[in-house]
Structure formats: C-alpha cells, structure tokens
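Heads up: the structure comes next, in structure tokens.
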2 protein chains.
Amino acid sequence: MSKLKNDTFLRALLRQPTDYTPIWMMRQAGRYLPEYNETRARAGNFLNLCKSPDLATEVTLQPLARFPLDAAILFSDILTIPDAMGLGLYFSQGEGPKFERPLRDEWEIRDLAVPDPDVHLRYVMDAVRQIRKALNNEVPLIGFSGSPFTLACYMVEGGSSSDFALVKTMAYSRPELLHRILEINAQAVTIYLNAQIEAGAQAVMVFDSWGGALSHAAYREFSLSYMERIVAGLKREHNGEKVPVILFTKGGGLWLESIAATGCDAIGLDWTVDLGEARRRVGDKVALQGNLDPAVLLSNPEAVRREAEKVLASYGQGSGHVFNLGHGISQFTPPENAAALVEAVHELSRQYH
Amino acid sequence: MSKLKNDTFLRALLRQPTDYTPIWMMRQAGRYLPEYNETRARAGNFLNLCKSPDLATEVTLQPLARFPLDAAILFSDILTIPDAMGLGLYFSQGEGPKFERPLRDEWEIRDLAVPDPDVHLRYVMDAVRQIRKALNNEVPLIGFSGSPFTLACYMVEGGSSSDFALVKTMAYSRPELLHRILEINAQAVTIYLNAQIEAGAQAVMVFDSWGGALSHAAYREFSLSYMERIVAGLKREHNGEKVPVILFTKGGGLWLESIAATGCDAIGLDWTVDLGEARRRVGDKVALQGNLDPAVLLSNPEAVRREAEKVLASYGQGSGHVFNLGHGISQFTPPENAAALVEAVHELSRQYH
C-alpha cells in the first residue's frame, strides 16, 4: 500500500499532531451539487445510485473535485443492512426511506438473519474498492453504517417517524423482541463494517440518527450497549494502519462520557453541544468531530467564516478535532458557502496547531 | 380569596415540603380523551375551542374529572400572541399550526406591535376567570405562553419546520431583524402572562418548543436571553400568593445551569435528561418538572408503573419535583394508562417525602 498524501483526517481522529484542522461534511456528495443531481437523474433514483459501484464512485468524488476536503465518504445509505435482510428499502418522494416489508409479526423477528456482506452487500464492497482506486491515496475513505437502534427504528416503524411510537411501544411492552432485533443488527453492522475495512475503508463511522429520541436509560439499554459491542468487534488495524471508529448519536450531547467509554476513537457532535465544554467532559479519551449548524451554510460566506471561527475557537488549541457539520448538509446550500467553509477552516485553524 | 384545597403542586414548585409528588400531564386535555373529542366536534375546530371560554373551561376540567391530578392547565394554544398580532393562526389537518400571513418582508417586522391582552386576547382572560371559578379552589390553575423564539419560528416559517431554514437564515444573515421580532415577542409574552396572573393563573409556564434546535451560543442569544427578560418582568406575587414560573425548553438538557440562572422557579425537562443528574447540576436553585417519555403511556399499566417508579427514584428524596411527561401526551394513549400513571405517582412517591 502506498502512503496517503493527506492523512490529516486520520491523524486528528487518533489525536496526533496536525498542521491544521481537517474537514469533511456529512452528506458532502448530495443534492446541493448540480453535478450530483445530474448523475442521480442518469441513475433514475437514489437507490440505483447506491447500488451501482460506478455511479457511487462518481458521486463520492464530486465534492472532492470542487473543495479541498480532507476525507471522502462512501456514497451509500445507512439502511443497506435491513434491505439486505429482505425488508425492501425504497424511497418515496419527499418522505425519506421506507421499507416495503417492515417487521410486524413476531415470527418475522425470530427469522431475521445476519446478511453476508460479500453476497447481499457485494455492491457496497465493490464501491469501496473502486472508490479507493479512484482516490489514488489522495485522502482517506470513510466507511459507515446506521446504528443497530437506528436500523431497528426504520425496520419496526417502516419509515421515518416523529414519535417512534411503534419501536418505543416494543421497547416498553416487549423489550425481548427489540433486543432480538438489536442483537442481529449489531452482529450485521460489525461484519458489514469489517468487510468495508477489508475492502479499503480507512475509518468507519456509525450513524445513530435516532438514539437521541430515547430516554437516558433507554439509550444505554437499546442503543449505546449495542454500539459498544460493535466497537469491540471491529478490526481496528488493517494492513498495518490503524482504522479509527467514530460514533455519532444525534442529540446525544448529554451522554458524551458514556459514548467515550465505549472505546471508540472519536465522537461526532451535533451543534447543540459547546465543543470546548465537550472536550473538557471527555478529556483525552477521544477525538471530537463536528459541529457547525448546517443552517449556517444557508447564509453567506462572511457569516460562514465567522461561525466557523467560533467553532474552532471553542475547541481551542491542539489536535483531536475534525471539523464537520452537526448534521448532513442541506440540499439548499449554495456551493459557494461550502467552499467558503472549507477555506475558512483550513486557513483559520492553523493558529490552533 | 379562599385557600386552595390542594396546593401540593405550588408547594413543590417552591421547593416546600409535600406529602407526595404532585403530577399533571402536558396536553392533559387532549385527543386521547373521548369526551374531549366530543367537545371539539361540537366546537367545529381546535381554534374555536380555544376561543370559546365556555368550551375551553369544559375541556380544561375533563381530565380532572377522570384523574386526581394536582393542577389544571388553561386550555389554549402557544400561538395566541402572533394570532393577536394579526398573522392569522389556523390549523390544517395533520400539519399542525400555520399562519396565513407569516413575516416575509422587512416592513412587516418593523410594523409588529405588542397586542393588548385585554382587547385582542380577551377570550383567554375570560377563560382563565371562568376556569378558576369552575375549579372552586380544588387545585391550582397554570397559565402559559410560547417562548419568544418559539413564536418567532412559527411567525417566520409560517408553520412547523424540520430544519428551521428561514428563521435560522435570518439569525445568521440578518440577526437584527430576528432580534426585533424577539424583542416585541418578549414584551408581548410578559404582558400576556401578567394579564393571565391578574385573571387568576396561579403559576405560569413558558413553552420553548424549538429552542433546542439552536446551537448552544444561538440558544443563549435568541431564546434564553428573552425568557430571562420575561422572568424579570413577571408579577411573581398576586393577592398575597407567590406565582411560580416554569421554563421548559424541549431538548434543553445541556443548558440547565443557564436556565436555572434566569431566576425562574422551576425547569421543565424532557425525558432525555437523567432527573437525578439534573438535580445535582442545578442544586437547590430551582424545582424540576418532568420527565417521563410520553411513549411509555402507549404500553400497559404495569410498564407505566415500573417506569414511573424509575423517574421518582432518579429524583430521590425530598421536595422540589413535579411529576410530568417530558412532552405532550400522545393522542393514542389509552386513558387507563394515564390513570395508572397518576395512581402510581401518588402512591409510590410517598416514600420519598
């Protein structure tokens, strides 16, 4: 393996010295880019785009051609695993992801099985390999999955939800059924992320989009404990290189100490958390990734620069910070604001290193 | 004024000793009750229900006839103030509150004026007086309003929003315009709540439903600082009785110390916060109100009792806790689960007093 030309992102995740603060943006390959919309139109729909390694490679690289980002992230969806389990993932206009066959009966839960990533998720591994080749060691590639609880939310609710009534009713009325789903999901995510690492992912991230909807106690029982098992089961080194793991629970700011105690390398933070306060709370246990409000990118380049500076100042001196948004970039972001952000972070962060 | 027969709620808010932990439920007069749906059908729609003092009195008392709750809350909406400002509140099926004339132009913001509660919000004051009479001093009556920022969200977005793109773009691009709206809203809320106190409200609560969508810094600037002004401007005593004020920012668990520092008497908590941990953080500055996940009420009476016990144990010994849900009760709650909750809290809390 040849050496990475820019390993700033990986070094920051491992809390090693860097010259500046690296940046990537959640959902950086997305609808705010005209070239993405063009490729997506060619694919016909979002799922075709995910399932074609050629097109996934194309869109993964698009933001890197525009902005000097410090990492690429596999273009895929957080719900590939339940799709591979046979639940039938689809996307309906304006309503987000849905499953054709959500889990409704007890026997369906008993019958759930861990999918073989090299068979049912082969298209993801092919995309990882192809993207790595195309990246030519310029910057590292991030692999990812949804968290066991977040997958379970969609598997039980059948789609997005404002109150998670079905999955929470299961948690309080039939916890053993939810634990069965989560157990299978945790095994599946572990195997899936390890396969992505084998295929070439140089860091991995677990997206716990909905853990923040749980009570503090239910979060530990139904989300965090399963992410902890995943962290313990991941290949943390591949081809002699460390593979850092990032856990991101949106709305998890109250629970940073517990997340840090899982053994992960870094915690993703949304914008509700004060980064400096978060750093004091977790000490030198983990790196921190975040946490600009994506709504800042709807304003103008001057405001973007001002708010980026606040995030950098809040983290303060030293390594261990990966700049990112606190959530995915909005489709209504003017690309010039994204450019202003990357430039501001690269330029203004040098004084902190 | 004759003395309240049950003042447990007010005593708990003032951190005075009580025999048990008082309980009321946010949105306790709501669609989970068949008798509420019957009255609402008679009214024609939700807004007619709010605007008729007779019908508002009727539904305010309905949950108290079923359950031995320790407080009544005025039946109204959090958005009465912008409606009185002329924005035209209406409710469209399944989409929540909307405004016919959201703030779109700068001159509309410059022209905003504080409504006179005794003229434009007379129906609310009439309802407060009528409910107090009907309550016959059995339990105290809570008055309320939306927070300045939460009102501004609806006034600018025109309705509910998942990302608050318009109001946040204003916050980052034209902060002076948002501050102008918030300044007027803060004056209006202060005058409105004082009028409710004059009319008979024995405690008041400010609902900051959307402050939790802000970054930590933006929360202080655009939400908390205006709630602080309201707290400073409220009549905290009426007819020789203290009138406690409760601030509730949904998703505000990270900011409890700052909320406690406003001078409010109590903080409302959603279910993501550990109540014991919250108590350690705020010390004896304020009482705490909350924080059962309303989804627990979708399960069964045994699970409800078990989870209620956990909340009580988490708060621990002593006064200063008002039991509540962490958010409004779901319309799909079986009334027998609500009954089980009230019974469990009254019975199980005695050991902590």
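The values are calculated or read from the model by the stated rules, or taken from the named source; none is laboratory data. What you see is a predicted model, and the numbers here were worked out from it, not measured in a lab. Ideal geometry is used to build each Cβ from the backbone, glycine not excepted, and the neighbour counts take in all protein chains shown.
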Check: Within the range B:223-237, which residues are among the polar types (S, T, N, Q) and either in a strand (DSSP E or B) or more than 14 Å from chain A (Cβ to nearest Cβ) (or both)?
Finding: B:Ser225
Notebook entry, point to check: Which one of A:Leu33, A:Leu14 is surrounded by 15 or more Cβ atoms within 10 Å (Cβ to Cβ) and either within 19 Å of the chain's Cα centre (by Cα) or within 17 Å of A:Glu138 (Cβ to Cβ) (or both)?
Noted result: A:Leu14
Next item on the list: State the number of residues belonging to the range A:295-305 that are touching a Ser or Thr at 6+ places or on another chain (Cβ under 7 Å) and more than 8 Å from every other protein chain (Cβ to nearest Cβ).
Entry: 1
Note to self: Going by what's in this entry, would A:Tyr192 be described as touching a residue at least 12 places away in the same chain (Cβ under 8 Å) and in contact with an Asp or Glu (Cβ under 9 Å, 6 or more places away or on another chain)?
What the structure shows: no
Item checked: Residues within the range A:1-32 that are more than 19 Å from A:Phe323 (Cβ to Cβ) and not small (Gly, Ala, Ser), tallied -> 4
Item checked: Residue, nearest to A:Ala203 (Cα to Cα), within the range A:238-258, restricted to residues that are within 14 Å of chain B (Cβ to nearest Cβ) and under 15 Å from the mean Cα position of the chain (by Cα) -> A:Thr249
Margin query: Go through the range A:165-222 and report how many residues are within 14 Å of another protein chain (Cβ to nearest Cβ) and within 21 Å of the chain's Cα centre (by Cα).
Written below: 10
Note to self: Going by what's in this entry, would A:Val322 be described as surrounded by 23 or more Cβ atoms within 10 Å (Cβ to Cβ) and at pLDDT 95 or above?
What the structure shows: yes
Notebook entry, point to check: Tell me, which strands (runs of 3 or more DSSP E) wholly within the range B:244-353 include 1 or more residues that are under 20 Å from B:Val231 (Cβ atoms) and touching a Lys or Arg at 6+ places or on another chain (Cβ under 6 Å)?
Noted result: B:287-292
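The rows are residues; the columns are (1) touching a residue at least 12 places away in the same chain (Cβ under 8 Å); (2) at negative phi.
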residue: A:Gly88; (1), (2): yes, no
residue: A:Lys98; (1), (2): yes, yes
residue: A:Leu103; (1), (2): yes, yes
residue: A:Ala113; (1), (2): yes, yes
residue: A:Asp126; (1), (2): yes, yes
residue: A:Ile142; (1), (2): yes, yes
residue: A:Cys153; (1), (2): yes, yes
residue: A:Ser173; (1), (2): no, yes
residue: A:Asn185; (1), (2): yes, yes
Note to self: Take B:Pro22 and tell me if it is crowded, with 22+ Cβ neighbours inside 10 Å and in contact with a helix residue (DSSP H, G or I) (Cβ under 6 Å, 6 or more places away or on another chain).
What the structure shows: yes
Note to self: Cβ-Cβ distance below 7 Å, separation of 6 or more or different chains: which pairs start in the range B:258-283 with a residue that is farther than 21 Å from B:Ala295 by Cα and end on one that is basic (Lys, Arg) and surrounded by fewer than 21 Cβ atoms within 10 Å (Cβ to Cβ)?
What the structure shows: B:Ser258/B:Arg220; B:Ala260/B:Lys285
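Yes or no, residue by residue, for (1) buried (at least 18 other Cβ atoms within 10 Å of the Cβ); (2) within 21 Å of the chain's Cα centre (by Cα):
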{"position": "B:Val59", "(1), (2)": "yes, yes"}
{"position": "B:Ile81", "(1), (2)": "yes, yes"}
{"position": "B:Asp105", "(1), (2)": "no, no"}
{"position": "B:Glu138", "(1), (2)": "no, yes"}
Margin query: Return the residues of the range A:124-136 that are surrounded by fewer than 23 Cβ atoms within 10 Å (Cβ to Cβ) and farther than 22 Å from A:Ala12 by Cβ; say none if nothing qualifies.
Written below: A:Met125, A:Asp126, A:Arg129, A:Gln130, A:Lys133, A:Ala134
Margin query: Cβ-Cβ distance below 7 Å, separation of 6 or more or different chains: which pairs start in the range B:306-319 with a residue that is more than 9 Å from every other protein chain (Cβ to nearest Cβ) and farther than 13 Å from B:Val273 by Cβ and end on one that is of a type in the set (S, T, N, Q) and not in a loop (DSSP other than H, G, I, E, B)?
Written below: B:Leu312/B:Ser349
